[in-house]
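Contents: one structure, followed by commentary.
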Amino acid sequence: MLGSSCCLPSGAMDHSGRKGFRAEDALPAESWFQAGWLQRHQGPHSWWPHSSGWPWLWGGRVRTNTDSDAVLPTAATSWYEEFRRLYDMVPCVEVQTLKEHTDQVLHLSFSHSGYQFASCSKDCTVKIWNNDLTISLLHSADMRPYNWSYTQFSQFNQDDSLLLASGVFLGPHNSSSGEIAVISLDSFALLSRVRNKPYDVFGCWLTETSLISGNLHRIGDITSCSVLWLNNAFQDVESENVNVVKRLFKIQNLNASTIRTVMVADCSRFDNPDLLLDASDQATPLCQVFDLGGDSEDEAASPPLRNPRPGRAKEGLRRVLDGVLDGGTQLSERALETRVAELLAQGRTKPPERSAADARNKYLIFTTGCLTYSPHQIGIKQILPHQMTTAGPVLGEGRGSDAFFDALDHVIDVHGHIIGMGLSPDNRYLYVNSRAWPPGSVVADPMQPPPIAEEIDLLVFDLKTMREVKRALRAHRAYTPNDECFFIFLDVSKDFVASGAEDRHGYIWDRHYNICLAKLRHEDVVNSVAFSPQEQELLLTASDDATIKAWRSPRTVRVLQASRPRLRPFFSWFASHRR
């Protein structure tokens, strides 16, 4: 059953004060679309095709609604088509509500073909759905027999033959252990299970048959080491000389931080993006981006994660310890632990491995930090072609390398709590949900991060230039404090970006003009959104109200309704009176 459009009402304002797309400025088009006038007047002898090319009319409408001196995007064919895309092709009409889950729905993911999607829930099931005109449940996998508490994340591999499902183990409230399961999409058999700690690493595919998981080793009270593992999806290899798992990276964590939320960006399409965003309107970047693999010796401009030259390690450690023993240096136990850990790691950290530009390279992206447990930085580590396989020395050989940490290539500091990340379809742009810290705030205690804003900033970074682009998008809100904050998944299509929120709505923005186009209502927190990769006019939203909603554009709804066969009047009357 079709619901009503949830696009912003006339003159609606988002929480940042910017205007949404205003319906009253498009009143003639609105009546044409809704009454079918447009379809009836598109014949070859109509004046409409000529009016659709009037740039002063449709360009003016777009500029009025975006509050900007917008330039027609390169991919757009005309201002009329651009206006119609903004007004008629946004998925804001509810067409189906799925109620098969019995508890909060936490995550949605589409197959690359768009024919199927998966959902994860607090009811501890992974459900796989057929994405037809009417969505239907295909399979439900109950993970409780494997001692899971709930399922939280899923991802299809590149050829849609395998599904990665991530979950959380039953255990104490403060337990951080999880597991990743690989499910065959041919037989729905469970092929393998891999430990994952902390559970909010989530996990992700690196190749069609290998996936990344995490492990965490405590070194001190607030110091730890994250190890990222490359795992073969098929763990039934019997030969002791063939790897099914290989260590990918080993990274030091300071001040109670850990690596979370791993994802992989493919660099092969960086030079041919679907949409090229202009960084020129970002006069004052909100975030700092640090290149940790450069040759600069400018320590003052570097973040705490950057290690000075190894030769200074012993001298620096000796000075710190002498100062503490002499009483000249006043440090808390936590500050002393962090400083000593930094100095000890200086001589044991491998610099980033440099290579010529290669389209086969990939970026491993994850949330991290250097000041507090709250994830406030994005770490980026290049994965080279030779690292994308479990082939090599079997575990137990080459252990001398265990003595070394791996340095990151880039760090993005967002000065706030990161609660969501998503890649554009071409993998060039990284979209980040962040709840900002107060301006000028200083972290004095790693266990007490600054308070976070209710407003969610949606930031955009160009992974080729490592620059922040566009201004931050705002409309959605969250209310939980630092220690209760949870991940809100977002998704990006060719033209749109969507996100959930704690204010019981999903939101859709336009990537070109940075305007909020639609609010999609639920009865509780919206945790996840997902565009069909083959049809951006279809969007799914998942909520704590235990439902999944499917939304289509007004244009698609009209097309689907028009394609339904209609009975002629006599036969319609005969069918209704037949007993």
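The values are calculated or read from the model by the stated rules, or taken from the named source; none is laboratory data. In this text the structure is predicted, and so the values were computed from the model without any measurement. For neighbour counting, all protein chains shown are included, and Cβ atoms are generated from backbone atoms with ideal geometry for every residue, glycine included. SASA here: full protein model, heavy atoms, side chains in, ligands and nucleic acids out. Shrake-Rupley method; radii C 1.70, N 1.55, O 1.52, S 1.80 Å.
A few notes on this one:
- Considered as a group, the residues in segment 535-549 that are out of contact with any Ser or Thr (no Cβ under 7 Å at 6 or more places or on another chain) and surrounded by fewer than 22 Cβ atoms within 10 Å (Cβ to Cβ) include one that is nearest to SER121 (Cα to Cα), and that residue is ASP544.
- Scanning segment 186-202 for residues that are among the polar types (S, T, N, Q) and farther than 11 Å from GLY167 by Cα turns up SER187, SER192.
- Annotation note: Cβ proximity below 9 Å between a residue of segment 231-258 that is acidic (Asp, Glu) and a residue that is modelled with pLDDT of 90 or more and surrounded by 13 or more Cβ atoms within 10 Å (Cβ to Cβ) (sequence gap 6+ or interchain) occurs for ASP236/LEU191; ASP236/SER192.
- As a summary of the residue check, PHE486 satisfies the conditions (1) over 17 Å from the mean Cα position of the chain (by Cα); (2) assigned to a loop (DSSP other than H, G, I, E, B); (3) at pLDDT below 90 except for the one numbered (1).
- Of HIS112, HIS107, HIS101, all but one fail to be on the phi < 0 side of the Ramachandran plot, buried (at least 19 other Cβ atoms within 10 Å of the Cβ) and outside any strand (DSSP E or B); the exception is HIS101.
- Sole residue being at pLDDT below 90, of a type in the set (Asp, Glu) and open to solvent by less than 60 Å² (accessible area, probe 1.4 Å), chosen from GLU353, GLU342: GLU342
- When LEU137, LEU162, LEU133 are screened for being open to solvent by 60 Å² or more (accessible area, probe 1.4 Å), in contact (Cβ under 8 Å) with a residue 12 or more places away in the chain and in contact with a Phe, Trp or Tyr (Cβ under 8 Å, 6 or more places away or on another chain), only LEU137 passes.
- Across segment 415-433, the number of residues qualifying as assigned to a loop (DSSP other than H, G, I, E, B) and open to solvent by 10 Å² or more (accessible area, probe 1.4 Å) comes to 4.
Let's see how each residue does on (1) buried (at least 20 other Cβ atoms within 10 Å of the Cβ); (2) under 24 Å from ARG144 (Cα atoms); (3) small (Gly, Ala, Ser); (4) touching a Phe, Trp or Tyr at 6+ places or on another chain (Cβ under 6 Å):
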position	(1), (2), (3), (4)
VAL194	yes, yes, no, no
SER213	yes, yes, yes, yes
THR223	yes, no, no, no
ASN231	yes, yes, no, no
PHE234	no, yes, no, no
ASN253	yes, no, no, no
ILE259	yes, no, no, yes
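- Qualifying residue in segment 277-296 (condition: modelled with pLDDT of 90 or more and among the β-branched types (Val, Ile, Thr)): no
- Single match in ALA546, ALA518, ALA542, ALA550 (criterion: outside any strand (DSSP E or B) and in contact (Cβ under 8 Å) with a residue 24 or more places away in the chain): ALA546
- Residue within segment 75-83 that is surrounded by 22 or more Cβ atoms within 10 Å (Cβ to Cβ), assigned to a loop (DSSP other than H, G, I, E, B) and either polar (S, T, N, Q) or modelled with pLDDT of 95 or more (or both) present: no
- Residue count for segment 369-379 under the criterion of being open to solvent by less than 10 Å² (accessible area, probe 1.4 Å) and either in contact with a Gly (Cβ under 7 Å, 6 or more places away or on another chain) or closer than 15 Å to LEU206 by Cβ (or both): the result is 2.
- Any chance VAL469 is of a type outside the set (Phe, Trp, Tyr), over 16 Å from HIS376 (Cβ atoms) and not in a loop (DSSP other than H, G, I, E, B): yes
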